[in-house]
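The values are calculated or read from the model by the stated rules, or taken from the named source; none is laboratory data. What you see is a predicted model, and the numbers here were worked out from it, not measured in a lab. Please note: Cβ atoms are built from the backbone with ideal geometry, for glycine as well, and neighbour counts cover all protein chains shown.
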Ligand code: SF4
Ligand code: FES
């Protein structure tokens with residue numbers, strides 16, 4: 001009696017290829033100006049730009065400096081300009097880039113450049129702190145109970161809870177490039193998150209902060225921020241809602 005043996009399906013071979021990355025390097029101890037340096041790296045289509053940076057750092061030049069932590073789009077530490085667009089390196093797949101040309105990688109704009117792909121994030125976080133991004137309530141919850149909120153009230157600010165503080169929005173904003181004093185979209189998004197929270201009692205404080213000359217009125221509705229946000233937050237809409245709340249006092 002013969003027994004049929006099922007043939008194992010042939011394994012699909014995924015081809016690697018060499019991709020040229022142009023990385024804008026800057027060493028404050030050696031360079032007067034940033035300079036572009038090219039690296040040829042073997043990549044697979046499902047690799048990410050972050051993988052390319054790791055290969056460069058680990059195999060070619062250990063002095064390359066960049067920030068990253070989670071490598072999965074959660075910590076917000078690896079926002080950078082990739083082919084002129086602000087993106088997270090850990091969420092940008094090689095197969096989604098045109099690799100017939102070099103891939104250009106540089107630090108986000110509008111914040112002081114420290115080294116290679118690292119900028120000083122302090123001005124960004126100073127604006128974030130200024131809008132008091134934490135819950136402030138004048139009353140205590142019922143003993144042993146949570147602060148109750150309806151599904152509709154929670155939905156009011158759901159979109160703006162998604163922010164991971166990557167700065168891709170603020171550093172893509174032409175107003176922020178020309179005026180580093182502007183609070184910027186990320187700070188307004190994080191103010192929105194609490195202004196429209198029915199459990200919070202200090203919305204007016206944040207609205208007063210954002211009614212400043214460097215506040216919401218500097219926004220020129222260019223939508224760069226919304227296009228740059230890796231979390232898909234409707235930033236320009238959130239800014240418009242905050243503007244409306246400043247004018248009407250209605251949340
Ligand atoms: S709003 Fe989006 S782009 Fe801006 S800091 Fe938050 S996650 Fe990043
Ligand atoms: S490394 Fe954390 S978001 Fe990319």
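Take the stretch 212-230 and flag every residue that is outside any helix (DSSP H, G or I), more than 16 Å from the chain's Cα centre (by Cα) and more than 13 Å from residue 130 (Cβ to Cβ).
Once the filter is applied, which keeps residues that are outside any helix (DSSP H, G or I), more than 16 Å from the chain's Cα centre (by Cα) and more than 13 Å from residue 130 (Cβ to Cβ), the stretch 212-230 yields 213, 219, 220, 221, 222.
Would you mind stating whether residue 201 is more than 21 Å from residue 76 (Cα to Cα), part of a helix (DSSP H, G or I), away from ligand 2 (no atom under 16 Å from the Cβ) and modelled with pLDDT of 95 or more?
no
For the stretch 160-197, how many residues are in contact with a strand residue (DSSP E or B) (Cβ under 8 Å, 6 or more places away or on another chain) and part of a helix (DSSP H, G or I)?
Number satisfying all stated conditions: 2.
Within the stretch 232-251, how many residues are surrounded by fewer than 20 Cβ atoms within 10 Å (Cβ to Cβ) and near ligand 1 (Cβ under 10 Å from one of its atoms)?
2
Is it the case, given these coordinates, that residue 108 is crowded, with 17+ Cβ neighbours inside 10 Å, within 16 Å of ligand 1 (Cβ to nearest atom) and within 23 Å of the chain's Cα centre (by Cα)?
yes
Going through the stretch 82-105 one residue at a time, which ones are within 18 Å of residue 57 (Cβ to Cβ) and either within 16 Å of ligand 1 (Cβ to nearest atom) or under 13 Å from the mean Cα position of the chain (by Cα) (or both)?
Scanning the stretch 82-105 gives 82, 88, 89, 90, 92.
Using the structure shown, decide if residue 185 is crowded, with 19+ Cβ neighbours inside 10 Å, within 19 Å of residue 122 (Cα to Cα) and outside the structural domain of residue 109 (by TED's automatic domain parsing).
Values: crowded, with 19+ Cβ neighbours inside 10 Å: yes; within 19 Å of residue 122 (Cα to Cα): yes; outside the structural domain of residue 109 (by TED's automatic domain parsing): yes.
Taking the combined requirement at face value, the residue satisfies it.
For residues in the stretch 151-171 being more than 6 Å from ligand 1 (Cβ to nearest atom) and buried (at least 24 other Cβ atoms within 10 Å of the Cβ), which is farthest from residue 220 (Cα to Cα)?
Initially, the stretch 151-171 is screened for residues more than 6 Å from ligand 1 (Cβ to nearest atom), giving 151-162, 170-171.
This time we only want the ones that are buried (at least 24 other Cβ atoms within 10 Å of the Cβ), so: 160, 170-171.
Numbers: 160: 20, 170: 13, 171: 15 Å.
Restricting to residues being more than 6 Å from ligand 1 (Cβ to nearest atom) and buried (at least 24 other Cβ atoms within 10 Å of the Cβ), the top hit is 160.
Taking the condition more than 16 Å from ligand 2 (Cβ to nearest atom) and over 20 Å from residue 171 (Cα atoms), does residue 61 pass?
yes
Among the listed residues 73, 84, 110, identify the single one that is within 13 Å of ligand 2 (Cβ to nearest atom) and over 21 Å from residue 42 (Cα atoms).
Of the residues listed, the single one that is within 13 Å of ligand 2 (Cβ to nearest atom) and over 21 Å from residue 42 (Cα atoms) is 73.
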